[in-house]
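The values are calculated or read from the model by the stated rules, or taken from the named source; none is laboratory data. The model shown is predicted, which means the values in this text are computed figures rather than measured ones. We place every Cβ from the backbone using ideal geometry, glycine too, and count neighbours over all the protein chains shown. Quick note on the areas: whole protein, heavy atoms, side chains included, nothing else; ligands and nucleic acids left out. Shrake-Rupley method; radii C 1.70, N 1.55, O 1.52, S 1.80 Å.
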Amino acid sequence: MKFPGSVLVSLVLFVAETVAALCLSGAYRAAGDRMWQWLTLLFALLPCALVQLSLVFIHRDVSRDRPLVLLLHLLQLGPLVRCVEVFYIYFRAGRVEEPYVSITKKRQMPKDGYSEEIEKEVGQAEGKLCTHRSAFSRASVIQAFLGSAPQLTLQLYICVLQQEITAARSIFMVLSLLSIVYGALRCNILAIKIKYDDYDVSVKPAAYLCIFMWRSFEIATRVTVLVLFSSVLQIWTLPVVLVNFFGFFFYPWILFWQSKSPFPENIEKALSRVGTTIVLCLLTFLYAGINMFCWSAVQVKLNDPDLINKSQNWYRLTVYYMLRFIENAFLLLMWYIYKTDIYLYVCAPLLVLQLLIGYCMAVLFMLVFYQFCHPCKKLFSSSISEGLLSCFRFLCFICKTPKSTILTDKAEVKSPENTDEAWSSSKTIDSQKGNPHQSVSSNA
């Protein structure tokens, strides 16, 4: 039985970030910065409430007679109680013989074109631990992108405006960045396990390292770009954020309406149609929050029973990173044009170059992960290098199409003149051939 290390890491990040947010909020209050105090509290308490809600929903505590657990969740102590329960189950496992076990069938990764199916006995303790790990993974994603990401953006924005980085604020920003990167890492692992649920997936340390570096560069550069742009063009910050957020929020719903599929009813039996709609809106809300800062490895598909798109779409991945790079470059260009005196001692061209290179480094680590370190790369119908080549060929074909049409139009314009000249020259030759006496008389 695996040690529940992911649960412990999630709890440590959750508690440390919450305590740091409360301390920093108290410091803002002492300094008289009421607006920064309330914004810091908002970005700290809102994800806490959503984390409690997700843990209660996954463990179905409402339908069970557990009033003490529900009370502790209301007091924002749910993750602490769940972690104690996890380690209680882990250390008691094996001491008492379980009355029954369930048998699961998983396929191994293909070797030489063959994939063996293995059976594994799963006891009650291991099944409960698996449920807890899954719940904490989802809670870490919620905490990261609905709390830590806005919090990191806010604190970095305050540092830029006040031109000061205090010790408390720097520690808080480091904790927030670690929380976001860990949440993105858990999102990648969740996507892999959901897409390849029939296989026994084991993630190697090299894959964890690639994901960590990929997400660190991507999130750090994205947050820095947003902060720089918002520090000089405050009026345009809200439109940029709203267009990004609502674009990703409505995208799954648009695809769902285009598919004309029936409304999903199998999410939870105890939920009514209104409750199901609220859950789906919260899911797309989280999906939009993730895509605001980085690529969402989990693609929401509302007409699928698992609500997840299990196909590997390299085109969508390529389009996302190309558009995001263009957007970051445009926002940096606007910052460079309208930068104020607070950036007087900053080498602006070097900073722009560093941020763009940082984003390219994120893309590089992403390519290395999908090409070499992905645990299920043998199941890909095409590698990411082949997918990117096909994408670039498609884009080149689109770019060459207008040129080819212009060339054909020019050829059509020139062709009548050429035919007229050829017709006139042939007419002259024919006339000379038809009147030989005229040529003889002229020679005489």
Among the residues of the stretch 124-147, the number that are surrounded by 19 or more Cβ atoms within 10 Å (Cβ to Cβ), of a type outside the set (A, V, I, L, M, F, W, C) and at pLDDT 85 or above is 5
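Matching residues to (1) under 24 Å from residue 282 (Cα atoms); (2) modelled with pLDDT under 85; (3) out of contact with any Asp or Glu (no Cβ under 6 Å at 6 or more places or on another chain):
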residue	(1), (2), (3)
33	no, no, yes
48	yes, no, yes
56	yes, yes, yes
59	yes, yes, yes
65	no, yes, yes
72	yes, yes, yes
80	yes, no, yes
Quick one: in the stretch 262-275, of everything that is more than 20 Å from residue 299 (Cβ to Cβ) and open to solvent by less than 40 Å² (accessible area, probe 1.4 Å), which residue is modelled with the highest pLDDT? 275
Criterion first (among the basic types (Lys, Arg) and open to solvent by less than 20 Å² (accessible area, probe 1.4 Å)) does residue 222 satisfy it? yes
Looking at the stretch 242-261 only, could you name the residues that are open to solvent by 90 Å² or more (accessible area, probe 1.4 Å) and not in a helix (DSSP H, G or I)? 260
From the option list 170, 179, single residue qualifying as part of a helix (DSSP H, G or I), within 24 Å of residue 15 (Cα to Cα), open to solvent by less than 30 Å² (accessible area, probe 1.4 Å) and among the hydroxyl-bearing types (Ser, Thr, Tyr) is 179
Which of the residues that make up the stretch 107-158 are under 16 Å from residue 193 (Cα atoms), free of Cβ contacts under 8 Å to residues at least 60 places away in the same chain and touching an Asp or Glu at 6+ places or on another chain (Cβ under 9 Å)? none
Close pairs (9 angstrom Cβ cut-off, 6 or more residues apart or separate chains): outside any helix (DSSP H, G or I) in the stretch 1-30, small (Gly, Ala, Ser) and open to solvent by 20 Å² or more (accessible area, probe 1.4 Å) anywhere: 1/93; 1/94
How many residues does the stretch 287-326 hold that are at pLDDT 80 or above, exposed (fewer than 15 other Cβ atoms within 10 Å of the Cβ) and farther than 18 Å from residue 367 by Cβ? 1
